[in-house]
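K.L.:
Please read through the structure below; I'll follow up with questions.
The values are calculated or read from the model by the stated rules, or taken from the named source; none is laboratory data. Just so it is clear, the model here is predicted, and its values are computed rather than measured. Positions of Cβ are backbone-derived with ideal geometry, glycine not excepted, and every protein chain shown enters the neighbour counts. Ligands, DNA and RNA are stripped out before the accessible areas are found, and what is left, the full protein with its side chains, is counted by its heavy atoms. Shrake-Rupley method; radii C 1.70, N 1.55, O 1.52, S 1.80 Å.
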Protein chains: 2
Amino acid sequence: MAEEFPMTGGDGPNSYAKNSNSQRVAADGAWGMLVASIFENLDIQTLPSRPTTASSTIFRIADLGCSVGPNTFIQVNNIIDAVSQKYHQSAVELPEIQVYFNDLVSNDFNYLFATLPRDRQYFAAGVPGPFHGRLFPKASLNFVYSSYALHWLSKLPQELGDANSPAFNKGRILHGSAPYEVGQAYTAQYAKDIECFFHARGQELAPGGLMVLLIPGRPHGTLPAQSSLAPYYAPLESTLADMVNEGLLSEDKFDSFNLPFYCPSVEELGTLIEENGCFDILKFEIEAAQTPAIFPNVQECRAGMENILKNHFGDEIIELLFDRYSKNKNIAGSASLFADDGLAVGFFVLVKRKYL
Amino acid sequence: MAEEFPMTGGDGPNSYAKNSNSQRVAADGAWGMLVASIFENLDIQTLPSRPTTASSTIFRIADLGCSVGPNTFIQVNNIIDAVSQKYHQSAVELPEIQVYFNDLVSNDFNYLFATLPRDRQYFAAGVPGPFHGRLFPKASLNFVYSSYALHWLSKLPQELGDANSPAFNKGRILHGSAPYEVGQAYTAQYAKDIECFFHARGQELAPGGLMVLLIPGRPHGTLPAQSSLAPYYAPLESTLADMVNEGLLSEDKFDSFNLPFYCPSVEELGTLIEENGCFDILKFEIEAAQTPAIFPNVQECRAGMENILKNHFGDEIIELLFDRYSKNKNIAGSASLFADDGLAVGFFVLVKRKYL
């Protein structure tokens, strides 16, 4: 069973709902490309059509790793707008639309459901479970979307916390500037996860169905050690390291803590999709990250990291940890920017389920 | 917008999960009939089939008003067992199965999802919203089930709380032994709700699709005032009345409080289904209620009523109210049975979506 560390639920000051601006900026930046992708590539005539009036075609959309709103609702509306326009342009009546909101079982679905747009033009359903496995019946989806969720690994490679392994990730919480073996351990786990992801989606997407993935990535030819995720979490790492140095946290606890995040290089992801064999890659854009190159403030860090930190370090350390995080020189200082070295890129990947 | 009063969520001592035995007994009693209904009436060959190997048929089940487990999981498993046997008997490969768990937005879906059976043989989804309206795309369901949920009205008739109306329900919390006009107000609201329910299901069920409804009902020719629901809630009514008499609760608050429950007579429900026109009634069994004729104990009452009572009377009265409920002579006494006068009946209704 994969470990689950959802975003912080509800709508409190530390909630994901109130602290997901950077994710929204990234998705907003991809909006034009998303519309164009749907317009250029959606095959209207290939949807199953049934002759009787009682039956109808249905267009089914899934947002995988949707967390809670508002980002998912905004993006789903964007997708539906584009799909609607495409149908209108094709002079085909728009089918009824069903939207599946997926995230881990521990996601705050109660909050998600309570905040569903009241004027929505679709039938909504929540689907709990890890997207590395099957979530939907065969060939039942027409459009899959996943925004800044696929960098989550299903689990951490064990060797990262093993003092006897060359991949022991001592003194770090991610693979940035880490020895080659640490990066390799992350790479191997990511490959397994993405294989599972595409295998599942290959079964679930109807022939001709589209999938758009927004993924934090690495430029061509870079190593995991150069990942742009690492600087983003550097203030958290240095806060934890300071606490170890001051005797507030055990060194063992720190050394055995790692973040289950990974962003692939262009060639890594491309190879994994090709190897799956079910999808044609229609678009693979590499863009300078749309997210501003600033460190996450304490609320943003807390919204994303609180559950994973609690799970490893225990509840009792959390308030102190985030208090110190807020006073970290990179967070407290107003000039809290890290260098734009070109390593922070985002992938816009559009694939189409083959007809076979 | 309909008011929402879900069962008490989670798994605490007052939760619905721990206090829904009577609902389970009722559903268990219908198990044999459910299996037979599926066996005798499910049209295997009418499911849409698609020729390509990438596509597949899918069998979709919805439990409307499912609350949280374990009852819904047990019944869904029973349904799937019967469907599987029917396919096996017909020598047709079982399609993949998707199950939609529906209840009000305020239902504890987080708990429902966390307790989904790990070894389930279906894809699970949660669908939030009132079942009096549309919840699913057209013709997308193959089997609908609803167990002891349809006695919930979408709202209370306003005149019940209006001191100037002949339907003013002074001193009572339900229609038992009430004036004719009170019963009529309930009857009219129920008719509206059921019309909406069948209208929505008529659109959502695929042609040939089956729907099984377990409904607390009234024998032929009885009036709402004779409803068997009323005695069930008599201890709650008398507890509230005692609190009014002792000055612990305002009389106005009491007089304006009513339970949004109604159970129809055989002819009432039959007429409403016929008027809808989309369904053939294949079975309409009237059974002596399988639930033991005992009053709900304080935990059971609390699991079902806490939210609705809080909403009307406020949080501050709840502990006192249930403390007094537990000491009510009908609850505290071991001989807490009410007469089995034949009025407590349950309907097992099986309808089939016409092919038209």
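K.L.:
Order of B:121-128, B:271-278 by packing, highest average Cβ count within 10 Å first? It would help to have the intermediate numbers written out before the result.
P.N.:
On the way: B:121-128: 21.5, B:271-278: 15.1.
Ranking, from highest mean packing down: B:121-128, B:271-278.
K.L.:
In whole percent, how big is the carbon plus sulfur part of the accessible area of the protein assembly as shown, probe 1.4 Å, protein atoms only? Numbers along the way, then the final one.
P.N.:
On the way: 14350 of 28360 Å².
Carbon and sulfur together cover 51 percent of it.
K.L.:
In square nanometres, what is the average projected area of the Cα convex hull of region A:135-270? Numbers along the way, then the final one.
P.N.:
Details: hull surface 35.9 nm².
Result: a mean projected hull area of 9.0 nm².
K.L.:
Can you list, shortest first and in nm, the gaps between the label point of residue A:253 and those of its counterparts in the other copies, using a point 7 Å from Cα in the C-beta direction?
P.N.:
Copy-to-copy label distances for residue A:253: 4.7 nm.
K.L.:
Which order do you get for B:239, A:187 if you rank them by accessible area with a 1.4 Å probe, largest at the top?
P.N.:
On the way: B:239 5, A:187 30 Å².
Sorted descending by solvent-accessible area, the residues read A:187, B:239.
K.L.:
Follow-up question, since we're still on this one. For residue A:242, which inter-copy label distances result when the label point lies 7 Å beyond Cα on the Cα-to-Cβ vector, reported in nm to one decimal and in ascending order?
P.N.:
So the distances to the same position in the other copies read 6.1 nm.
K.L.:
Another question, if that's okay. To one decimal in nm, how far is residue B:84 from the same spot in the other copies, if labels go 7 Å from Cα toward Cβ? Please give the shortest first.
P.N.:
Those separations, rounded to one decimal, come out as 4.2 nm.
K.L.:
Cα axis of helix B:318-327 to longest principal axis of chain B: angle in degrees, 0 to 90, nearest 10?
P.N.:
Roughly 80 degrees between the two axes.
K.L.:
Are there residues in region B:93-118 whose accessible area shrinks by at least 30 Å² when all protein chains are included rather than the chain by itself, and which are they (probe 1.4 Å, ligands and nucleic acids not counted)?
P.N.:
Residues losing area: B:96, B:98, B:100, B:105, B:110, B:113, B:118.
K.L.:
Relative contact order for chain B: what is it in percent, counting Cα pairs under 8 Å that are at least 6 residues apart?
P.N.:
Details: 633 pairs, mean separation 76.8, N = 356.
The value is 22 percent.
K.L.:
Ok, one more. Go from 0 up to the bin containing the longest alpha carbon distance in region B:206-343, width 5 Å each, and give me the % of pairs per bin.
P.N.:
Distribution as computed: 2, 8, 16, 18, 15, 13, 11, 8, 5, 3, 1, 0 percent.
K.L.:
Among the DSSP beta bridges whose two residues both lie in the protein assembly as shown, what percent are antiparallel, rounded to the nearest 5?
P.N.:
Working: 39 of 85 bridges.
Around 45 percent of the beta bridges assigned by DSSP in the protein assembly as shown are antiparallel ones.
K.L.:
Still on this structure, I have one more. Highest mean first, what order results for A:62-74, B:161-173 on Cβ atoms within 10 Å?
P.N.:
On the way: A:62-74: 22.9, B:161-173: 16.5.
Most protected by this proxy first, the peptides run A:62-74, B:161-173.
K.L.:
As a check on your grasp of the helix formula, calculate [θ] at 222 nm for the protein assembly as shown: sum -39500 (n - 2.57) over DSSP H runs of n ≥ 4, divide by the residue count, round to the nearest 500.
P.N.:
Working: 24 runs with 264 residues, N = 712.
One gets -11000 deg cm²/dmol as the mean residue ellipticity at 222 nm.
K.L.:
Identify the GluC sites (Glu not before Pro) of region B:176-256 meeting these criteria: DSSP loop state and at most 16 other C-beta atoms within 10 Å of the C-beta. Each step should come with its number before you reach the end.
P.N.:
Details: sites: B:181, B:195, B:204, B:237, B:246, B:251; in loops: B:246.
Answer by residue number: B:246.
K.L.:
For chain A, what is the percent of antiparallel DSSP beta bridges, rounded to the nearest 5? Don't skip to the answer; put the middle values down first.
P.N.:
Values: 19 of 42 bridges.
The answer is about 45 percent antiparallel.
K.L.:
Quick check: net charge around residue A:250, other residues with Cβ under 15 Å of its Cβ, Lys/Arg +1 and Asp/Glu -1? Before the final figure, lay out the partial values.
P.N.:
Values: positive: A:170, A:253; negative: A:242, A:246, A:251, A:252, A:255, A:316.
Net local charge, residue A:250 excluded: -4.
K.L.:
Roughly how large is the B-A contact in terms of buried accessible area, totalled over both chains, probe 1.4 Å, nearest 100 Å²?
P.N.:
Details: alone 15650 and 15640 Å², together 28360 Å².
Interface area, both chains combined: 2900 Å², rounded to the nearest 100.
K.L.:
Another one. So how tilted is helix B:266-276 from the main axis of chain B? Cα-based, degrees 0 to 90, rounded to 10.
P.N.:
For helix B:266-276, the angle is close to 50 degrees.
K.L.:
Which entries of A:138/A:283; B:283/B:354; A:86/B:352; A:86/A:352; B:138/B:310; B:192/B:283 show an alpha-carbon separation above 26 angstrom in the structure shown? Mind dumping the intermediate values first?
P.N.:
Working: A:138/A:283 24 Å; B:283/B:354 15 Å; A:86/B:352 36 Å; A:86/A:352 16 Å; B:138/B:310 37 Å; B:192/B:283 23 Å.
Listed pairs above 26 Å: A:86/B:352; B:138/B:310.
K.L.:
On a 0 to 90° scale, report how tilted helix B:298-313 is relative to the longest principal axis of chain B, with both axes built from alpha carbons and the result rounded to the nearest 10.
P.N.:
Once rounded, one gets 70 degrees.
K.L.:
Using a probe radius of 1.4 Å on heavy atoms only, what accessible surface per residue do you get for the protein assembly as shown? Whole Å² is fine. Can you show the working numbers first?
P.N.:
On the way: 28360 Å² over 712 residues.
Computed with neighbouring chains in place, this is 40 Å² per residue.
K.L.:
Of the beta bridges DSSP finds with both residues in region A:138-280, what % are antiparallel, to the nearest 5?
P.N.:
On the way: 1 of 8 bridges.
DSSP beta bridges in region A:138-280 are roughly 10 percent antiparallel.
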